[in-house]
Amino acid sequence: MSNKMWGGRFSTGPDAIMEEINVSIGFDQRLYAQDIAGSKAHAAMLSAQKIIAAKDAQKIQKGLDTILSEIEAGKFTFRRDLEDIHMNVESRLAELIGAPAGRLHTARSRNDQVATDFRLYVRDTIDTLDEQMADLQRALAEKALAHAGTVMPGFTHLQNAQPVTFGHHLMAYVEMLGRDRGRFADARKRLNESPLGSAALAGTSFPIDREATAAALGFDRPTANSLDGVSDRDFVMETLAAASICAVHLSRFAEEIVIWTSPAFGLVKLTDAFTTGSSIMPQKRNPDAAELARAKSGRIIGALTGILVVMKGLPLAYAKDTQEDKEGTFDALSALSLVIAAIAGMVRDMEPEATRMKAAAGQGYATATDLADWLVRTLNIPFREAHHVTGRIVALASERGVPLHRLSLEEMQGVEKRITQDVFSVLSVTNSVRSRTSYGGTAPARVRQQARRWLKKLGPAA
């Protein structure tokens, strides 16, 4: 029998395998709100341009509102034989209002329809993610303000380097997320053009008003080239690139949570709310939320790789290959949303083991740089020479098996005779972090300043 969607061109239905590979309603049904919004804007424009009768447009609008209500109430039946969200909506519209439903597709194609729907979906998702990232920044900045003076080890190569504060460490991720939000904002700005009216690929001969539909859907303008309008997926690639970078940042933080909460480090505690136990080892408290947040970066990065590969060889204009742009994107953006929520929860839940942190901050001769700086500042020794002197003093302390501040003044003077008792004022981890007052430094006063600046910028939670 003839396929209802294609009309007279096809005399039989598709093979079962063809239907299986072609169908997309299983995943693109989540575009229902955007699809209906696009159809309502299109119908209103067709009526305003006198391309369809006002009474037909009114019936279309009413029918689309009914479909939206049915879907949101869980009373809509999505049919696989209708392939996608567009045909499911159009078919139900025909059931509800009859012949006027057939006028809705005038001057458009599923090509510009899906491009419009997907842009709207990605735009909406970016807005949601931005709110989530702002909330995570707020959680980090609040925790940083509370622990601006809590000393912890700062690492390079995962080896003790210099003392920092827990607040300073957390504020690093506030900055990263600020850049992430900027990348998403840039992607949103570039995607905010409407493909609707590009039709299949060449535009349309009907006297449509693309500016009107663009404005109705909140776009800044219509796309300027119909070929590009239906085939462009830059907005997906750019959004997934921003998502991948954000996921990498969150994965780094998740990795640190895993390290910090391990008994070997013992720098941070998570409650039962964000840990799990073991089926065999009763003593275990596993940071599974952090581990899963770390792992999900792989699927997000994978989605970016997937769409890049899909698009790399496609000639203009539309090809069915681009149907493969959605599942990965839906999955990746959903995963990112979940990861952000999980990280925000852990940030609010975690508490530093302040005593353990401070003790660890002094290990590995972490104030050696402070000693070198003191030699430069007080004795006017060139830094490179001060570096060598400090290295010899560290070697002496290592040989004695004591921290730097446990060496005697006489032992230090054996390396550099001009060293005075004042040197001990810089060898404690507390004094070390207090001294780092340069802009962006770890001094508690600077950390409080930055945390308050961000909290003022972020404003209260919604």
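This table checks each residue for (1) open to solvent by 40 Å² or more (accessible area, probe 1.4 Å); (2) under 30 Å from the mean Cα position of the chain (by Cα); (3) at pLDDT 95 or above.
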| site | (1), (2), (3) |
| --- | --- |
| SER2 | yes, no, no |
| MET5 | no, no, no |
| GLY8 | yes, no, no |
| ASP15 | yes, no, no |
| ILE21 | yes, no, no |
| SER24 | no, yes, no |
| PHE27 | no, yes, no |
| GLN34 | no, yes, yes |
| MET45 | no, no, yes |
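When the range 325-334 is filtered for residues that are without any contact (Cβ under 8 Å) to a residue 60 or more places away in the chain and under 23 Å from GLY178 (Cα atoms), only SER334 remains.
Pairing residues of the range 269-294 that are without any contact (Cβ under 8 Å) to a residue 40 or more places away in the chain with residues that are part of a loop (DSSP other than H, G, I, E, B) and open to solvent by 100 Å² or more (accessible area, probe 1.4 Å), at Cβ distances under 6 Å and at least 6 apart in sequence or on separate chains, gives THR275/ARG285. Out of all the residues in the range 372-388, is one or more open to solvent by less than 50 Å² (accessible area, probe 1.4 Å) and in contact with a Leu (Cβ under 8 Å, 6 or more places away or on another chain)? Within the range 372-388, one or more residues are open to solvent by less than 50 Å² (accessible area, probe 1.4 Å) and in contact with a Leu (Cβ under 8 Å, 6 or more places away or on another chain).
Every residue, every condition in (1) in a loop (DSSP other than H, G, I, E, B); (2) among the aromatic types (Phe, Trp, Tyr); (3) at pLDDT 95 or above, yes or no:
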| position | (1), (2), (3) |
| --- | --- |
| MET281 | yes, no, no |
| GLY302 | no, no, yes |
| THR305 | no, no, yes |
| ASP325 | no, no, no |
| ALA335 | no, no, yes |
| ALA342 | no, no, yes |
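Would you confirm whether any residue within the range 75-89 is in a loop (DSSP other than H, G, I, E, B) and among the acidic types (Asp, Glu)? There is at least one residue in the range 75-89 that is in a loop (DSSP other than H, G, I, E, B) and among the acidic types (Asp, Glu).
Is it true that GLY154 is small (Gly, Ala, Ser), assigned to a helix (DSSP H, G or I) and out of contact with any helix residue (DSSP H, G or I) (no Cβ under 7 Å at 6 or more places or on another chain)?
It is false that GLY154 is small (Gly, Ala, Ser), assigned to a helix (DSSP H, G or I) and out of contact with any helix residue (DSSP H, G or I) (no Cβ under 7 Å at 6 or more places or on another chain).
Just so you know, in the range 285-296 the residues that are open to solvent by less than 20 Å² (accessible area, probe 1.4 Å) and either hydrophobic (A, V, I, L, M, F, W, C) or modelled with pLDDT of 95 or more (or both) include one that is farthest from ASP228 (Cα to Cα), and it is ALA290.
Among the residues making up the range 404-415, a single one is crowded, with 19+ Cβ neighbours inside 10 Å and in a loop (DSSP other than H, G, I, E, B): LEU407. Restricting attention to the range 376-398, does a residue exist that is farther than 29 Å from THR275 by Cβ and in contact (Cβ under 8 Å) with a residue 40 or more places away in the chain? Looking for residues that are farther than 29 Å from THR275 by Cβ and in contact (Cβ under 8 Å) with a residue 40 or more places away in the chain, one finds at least one in the range 376-398, hence yes.
Might you let me know whether the range 121-138 holds any residue that is over 25 Å from SER334 (Cα atoms), among the small types (Gly, Ala, Ser) and in contact (Cβ under 8 Å) with a residue 12 or more places away in the chain? Checking the range 121-138: not a single residue is over 25 Å from SER334 (Cα atoms), among the small types (Gly, Ala, Ser) and in contact (Cβ under 8 Å) with a residue 12 or more places away in the chain. Do the conditions hold for LEU64, that is, is it part of a helix (DSSP H, G or I) and open to solvent by 20 Å² or more (accessible area, probe 1.4 Å)? So LEU64 fails the test. Any chance you could count how many residues in the range 258-284 are hydroxyl-bearing (Ser, Thr, Tyr), surrounded by fewer than 15 Cβ atoms within 10 Å (Cβ to Cβ) and more than 26 Å from ALA332 (Cβ to Cβ)? Qualifying residue count for the region: 4. Against the test of being open to solvent by 20 Å² or more (accessible area, probe 1.4 Å), assigned by the TED database to the domain that holds ALA243 and at pLDDT 95 or above, the options LEU129, LEU145 yield a single qualifying residue, LEU145. Residues that are open to solvent by less than 20 Å² (accessible area, probe 1.4 Å) and outside any loop (DSSP other than H, G, I, E, B) within the range 430-443 comprise SER432, VAL433, listed in sequence order. Of the residues that make up the range 391-398, is at least one part of a loop (DSSP other than H, G, I, E, B) and either assigned by the TED database to the domain that holds THR116 or surrounded by fewer than 18 Cβ atoms within 10 Å (Cβ to Cβ) (or both)? Scanning the range 391-398 turns up no residue that is part of a loop (DSSP other than H, G, I, E, B) and either assigned by the TED database to the domain that holds THR116 or surrounded by fewer than 18 Cβ atoms within 10 Å (Cβ to Cβ) (or both). When each of MET346, MET350 is tested for being over 30 Å from TYR32 (Cα atoms), modelled with pLDDT of 95 or more and touching a Leu at 6+ places or on another chain (Cβ under 6 Å), the lone residue that passes is MET350. Of all the numbered requirements in (1) closer than 28 Å to PHE118 by Cβ; (2) surrounded by fewer than 18 Cβ atoms within 10 Å (Cβ to Cβ); (3) out of contact with any Leu (no Cβ under 8 Å at 6 or more places or on another chain), SER337 misses one, and that requirement is (3). Would you check if ARG348 is within 24 Å of ALA144 (Cβ to Cβ), of a type in the set (Lys, Arg) and open to solvent by 30 Å² or more (accessible area, probe 1.4 Å)? Taking the combined requirement at face value, the residue satisfies it. Annotation for the range 219-239: no member residue is closer than 30 Å to PHE166 by Cβ and surrounded by fewer than 18 Cβ atoms within 10 Å (Cβ to Cβ).
The values are calculated or read from the model by the stated rules, or taken from the named source; none is laboratory data. Since the model is a prediction, treat every value here as computed from it, not as a measurement. Methodologically, a virtual Cβ is constructed for each residue, glycine included, from the backbone with ideal geometry; neighbour enumeration extends over all protein chains shown. When the accessible area is computed, the model is the full protein with side chains, heavy atoms only, and any ligands, DNA or RNA have been set aside. Shrake-Rupley method; radii C 1.70, N 1.55, O 1.52, S 1.80 Å.
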